[in-house]
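> This structure is in structure tokens; I'll ask about it shortly.
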There are 2 protein chains.
Amino acid sequence: MADGTEGRLYAQATARLKGLIENGTLAAGDRLPSVREYARLQAIGVNTVLRAYRILEDQGYLETRPQSGHFVRRRQPQPAKDLRIPEVSDKALSVDVDSLATRVFEAFRRPNVLPLGAACPPSSIMPWRALSRHLVSAVRQSGADSLGYYLPPGYEPLLRQLARRSLAWGCALSARDFVITSGCSEALNLCLMAVAGPGDVIAVESPAYFGALQMIENLGMKVMEMPMHPRKGMSLDALEEALKHVRIKACIASPNFQNPVGSLMSDADKERLVRLLSKAGIPLIEDDTFGDLAYEGKRPRVAKSFDRDGNVQLCSSFSKTLAPGYRVGWVAGGRFHERLLRLKTTSSMGSAVPTQMAVASFLEDGGYEHHLRRLRTLFASQAGQYREAVLRHFPAGTRVSRPQGGHVLWVEMPEAADALRLFDQALKRGISVAPGSIFSPGGRYRNFIRLNCGVPWSDKVGEALATLGKLAGE
Amino acid sequence: MADGTEGRLYAQATARLKGLIENGTLAAGDRLPSVREYARLQAIGVNTVLRAYRILEDQGYLETRPQSGHFVRRRQPQPAKDLRIPEVSDKALSVDVDSLATRVFEAFRRPNVLPLGAACPPSSIMPWRALSRHLVSAVRQSGADSLGYYLPPGYEPLLRQLARRSLAWGCALSARDFVITSGCSEALNLCLMAVAGPGDVIAVESPAYFGALQMIENLGMKVMEMPMHPRKGMSLDALEEALKHVRIKACIASPNFQNPVGSLMSDADKERLVRLLSKAGIPLIEDDTFGDLAYEGKRPRVAKSFDRDGNVQLCSSFSKTLAPGYRVGWVAGGRFHERLLRLKTTSSMGSAVPTQMAVASFLEDGGYEHHLRRLRTLFASQAGQYREAVLRHFPAGTRVSRPQGGHVLWVEMPEAADALRLFDQALKRGISVAPGSIFSPGGRYRNFIRLNCGVPWSDKVGEALATLGKLAGE
């Protein structure tokens, strides 16, 4: 709790000061109040102010003059440019990312590697004590039942908790609308299997979550890439155009905090997306993996909340917010529910029961919202810190995404940079990154990397980003 | 422990007395020693003898004359006939069992139904206290690690335990040969996806485990059925012949205690099966789900133990022996290992970690072999009890499999019987059975049912079997 509050206050203080500088209230050369004075004025802790001053100094807004205090720098940092909107092929493409992605995954598995490649927050920032306690008491209370099958759709109290949570997503789903899966991965995989077969074309975002591309490849399907606006999400004009010319079988999209770009689609666009696909009779597979991790404001609605005819299959999990290793995800499959239920039953006979029990019990207990607040503040602050460090250390011309939620950054290096070489070189130095080319078929994004900013900031992280920046410039 | 020993002694006593009657040492009309006397002579408990006498009476070997004692009956029961070897089509067939199997599964899910349909032993006979204890201590000891991903292949200590156990299967696999899956279902599904695609023909046993048929159907594949000898397993002559005429892409077989027939293939036949398929370049998917549950003698070898070129993918799980709800299974995929690893990674990103930890810890502790001995004795005795009850209550002409391991019986009713009607009628009376037609495409086995004899014998079970017999005769 202290951590969450402090993180929030610090982020607020940083943003406020940045605002004062940017709107000229604090002009170049001005001396800032002393740390103690500012803390008193704002009624916040000295450490909070210290931290805020330090990050503003790191970001080039302030400079420290020995014995004199903190001053607004004369040359403010240039506002970083947005990522460019990618050009994509107007043809369906075969996918060929699995081999490379497997190499990348092997790097994620290695011990003693700083995991800036995996989009996986470390367990240390998860409420592992509370979750373990819930797991233990659930197993004890249920006795022999914790060993028995709960055939799909899954453990009933968990289904009910999901139904309750769906109100926050803008839906009003019932327990009967869900199937529990082994994480969002299995949910997406089942959805693809439910609606398409080998040779079929799936519309995807470009860049796309590479795990989805691997599934598509392994299922023998093809993709049609849709360009992404770096902050608004998939281009719906491009999708509308593609629907006229290409026989698309399904569409996968992540309107909330897309991985890797971090974009957030507006509600109006979500509604347009859902209507467009519904009218064309093309199922939408919505990946809401990061939906609970907004940096600011309310939890965004899901596209599914605009679904009138069951055409949207909503997939998500607790892997980014509670426990990746519990493998608790779900799908609310609309008109495909029965088919998904069967596929889940035949392909794995249900998910592990004790971890479903633990998550259900944790949710019932009411600790999830509080934990989310802490996590969102933490990720917001870290995204800023990582972002500034990348802009400082990477070669001139590097652009970084401005995610609005989640915990990944998408880094566009100058055209000459080779992300695959960077991946190899970084791994030799004990750092993993995700090279851009696994986020698209056909070799796009060779000068991009994705960074996991879920790893708590430390000197080691700072040094790793400096190392990456240096390697990127070579 | 007491239970296991008593179960074994009782089964031994029953078998010994049956032998004495069958070889004429005890002739028709002979009076048996009193319960007390026989207990003293054999140095076993009075209750054990009582139980043995009672079951022999149930089976028609003995009769009790009030005030006089137990006598060998004049008319011994006819030795029941073996199941017939089925005739199968010589063409590849589309599979269409999923709809019906889903209806059957829904029955398994209902509360307050005696689960004689599901091939799932009840959790009450599993070592749930010990497993829960291992789960709790594993979660406590690993701290935050129990929340983190263990990407495929899976939790290392569990992989090492499997490698050690593989010696008992006649193999010497290493930890690196395995991928942990969500039960054997996921293992089989991944194997099918690894080696075949839509339209491909899979050679299967007839009758086959219906879960495998559902997967094949959902993956758009076809089957070629091979007749099963009721005690020796898949007809290899039929397979050899089929390989000459049909383009078969893979073969699924269960040499050890096949579900539903309970047959055990000889080692010579296992070797022939492996050679035959290897020579033809056709992968063998071996389902060893029930391999640990031999009624007598040593744990049988797996066909994989004859594999020289990595052509065999061995699949199994702890679902029938420890904890179905933990979803801990595995595949040792031979030359398909890398492909399986990728498919597992992309389709579900690994299995739940805490349950893998619990099973690994349980195995390390050394309690598994002891538990298996208890379970095998129990299932052997129950298979006999269920079998005799079916022969007693079902219409004349009914035949029952003589399983050599596992905990299911395959019941062949007279031709006029309608298993699907029996399924519906039984369900109305709170009893589930598995109707034969889900074990084969194309409507075979309409007069068969599979019974789960893993449910501990009780008056309720006895009455249920009497009810089923009555319904079957209607």
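The values are calculated or read from the model by the stated rules, or taken from the named source; none is laboratory data. This structure is a prediction, so every number in the text was calculated from the model and none was measured. Note that each Cβ is placed from the backbone with ideal geometry, even for glycine, and that neighbours are counted across all protein chains shown. In case anyone asks, the SASA skips ligands and DNA or RNA and just uses the protein heavy atoms, side chains included. Shrake-Rupley method; radii C 1.70, N 1.55, O 1.52, S 1.80 Å.
> For the condition open to solvent by 30 Å² or more (accessible area, probe 1.4 Å) and part of a loop (DSSP other than H, G, I, E, B), what is the one hit in A:Gly24, A:Gly29?
Working: A:Gly29 fails: open to solvent by 30 Å² or more (accessible area, probe 1.4 Å).
Sole residue among the options that is open to solvent by 30 Å² or more (accessible area, probe 1.4 Å) and part of a loop (DSSP other than H, G, I, E, B): A:Gly24.
> Could you check how many residues of segment A:210-232 are touching a strand residue (DSSP E or B) at 6+ places or on another chain (Cβ under 7 Å), surrounded by 20 or more Cβ atoms within 10 Å (Cβ to Cβ) and over 22 Å from A:Gly199 (Cβ atoms)?
Of the residues in that region, 1 qualify.
> Give me a count of the residues in segment A:320-356 that are surrounded by fewer than 24 Cβ atoms within 10 Å (Cβ to Cβ) and not β-branched (Val, Ile, Thr).
The number of residues fulfilling the criteria is 8.
> Suppose we keep only residues that are out of contact with any strand residue (DSSP E or B) (no Cβ under 8 Å at 6 or more places or on another chain) and closer than 19 Å to A:Arg335 by Cβ within segment A:281-305. Which one would you say is most open to solvent (accessible area, probe 1.4 Å)?
A:Gly281
> Could you tell me whether any residue of segment A:81-92 is among the hydrophobic types (A, V, I, L, M, F, W, C) and in contact with a helix residue (DSSP H, G or I) (Cβ under 6 Å, 6 or more places away or on another chain)?
For segment A:81-92, residues among the hydrophobic types (A, V, I, L, M, F, W, C) and in contact with a helix residue (DSSP H, G or I) (Cβ under 6 Å, 6 or more places away or on another chain): absent.
Every residue, every condition in (1) at pLDDT 95 or above; (2) within 14 Å of another protein chain (Cβ to nearest Cβ); (3) open to solvent by 40 Å² or more (accessible area, probe 1.4 Å); (4) in contact with a Gly (Cβ under 9 Å, 6 or more places away or on another chain), yes or no:
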site: B:Val359; (1), (2), (3), (4): yes, yes, no, no
site: B:Gly366; (1), (2), (3), (4): no, no, yes, no
site: B:Thr377; (1), (2), (3), (4): no, no, no, yes
site: B:Gly384; (1), (2), (3), (4): no, no, no, no
site: B:Glu388; (1), (2), (3), (4): no, no, no, yes
site: B:Arg392; (1), (2), (3), (4): no, no, yes, yes
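> Answer yes or no as to whether A:Trp410 is more than 14 Å from every other protein chain (Cβ to nearest Cβ), outside any helix (DSSP H, G or I), modelled with pLDDT of 95 or more and buried (at least 23 other Cβ atoms within 10 Å of the Cβ).
Answer is yes for this residue.
> Here's something else I'd like to know. Search segment A:340-357 for residues being within 19 Å of A:Ser146 (Cα to Cα), within 26 Å of the chain's Cα centre (by Cα) and not in a loop (DSSP other than H, G, I, E, B), and hand back the single one that is nearest to the other protein chains (Cβ to nearest Cβ).
Of everything passing the filter in segment A:340-357, A:Thr355 is nearest to the other protein chains (Cβ to nearest Cβ).
> In a helix (DSSP H, G or I) and at pLDDT 95 or above, is that true of A:Ala417? Before the answer, list the steps.
Working: in a helix (DSSP H, G or I): no; at pLDDT 95 or above: yes.
So A:Ala417 does not fit the description; no.
> Look through B:Ile252, B:Ile248 and report the one residue that is of a type in the set (Val, Ile, Thr) and within 24 Å of the chain's Cα centre (by Cα). Show your work before the answer.
On the way: B:Ile248 fails: within 24 Å of the chain's Cα centre (by Cα).
Every option except B:Ile252 fails the conditions.
> Would you check which residues across segment A:214-224 are in contact with a helix residue (DSSP H, G or I) (Cβ under 8 Å, 6 or more places away or on another chain) and within 9 Å of chain B (Cβ to nearest Cβ) and list them? Steps first, please.
Just the residues of segment A:214-224 that are in contact with a helix residue (DSSP H, G or I) (Cβ under 8 Å, 6 or more places away or on another chain), to begin with: A:214-219, A:221-224.
The answer is A:Gln214, A:Met215, A:Glu217, A:Asn218, A:Leu219.
> Can you name the residue in segment A:273-314 that is farther than 19 Å from A:Tyr209 by Cα, touching a helix residue (DSSP H, G or I) at 6+ places or on another chain (Cβ under 7 Å) and of a type in the set (Ser, Thr, Tyr) and, of all such residues, is modelled with the lowest pLDDT?
Looking at the filtered set, the residue picked out is A:Tyr295.
> Report yes if some residue within segment B:39-61 is under 30 Å from B:Pro198 (Cβ atoms), assigned to a loop (DSSP other than H, G, I, E, B) and open to solvent by less than 70 Å² (accessible area, probe 1.4 Å); otherwise report no.
No, the conditions are met nowhere in segment B:39-61.
> Follow-up. Considering every residue within segment B:317-329, establish whether at least one is more than 9 Å from every other protein chain (Cβ to nearest Cβ), of a type outside the set (Ser, Thr, Tyr) and out of contact with any Ser or Thr (no Cβ under 8 Å at 6 or more places or on another chain).
yes
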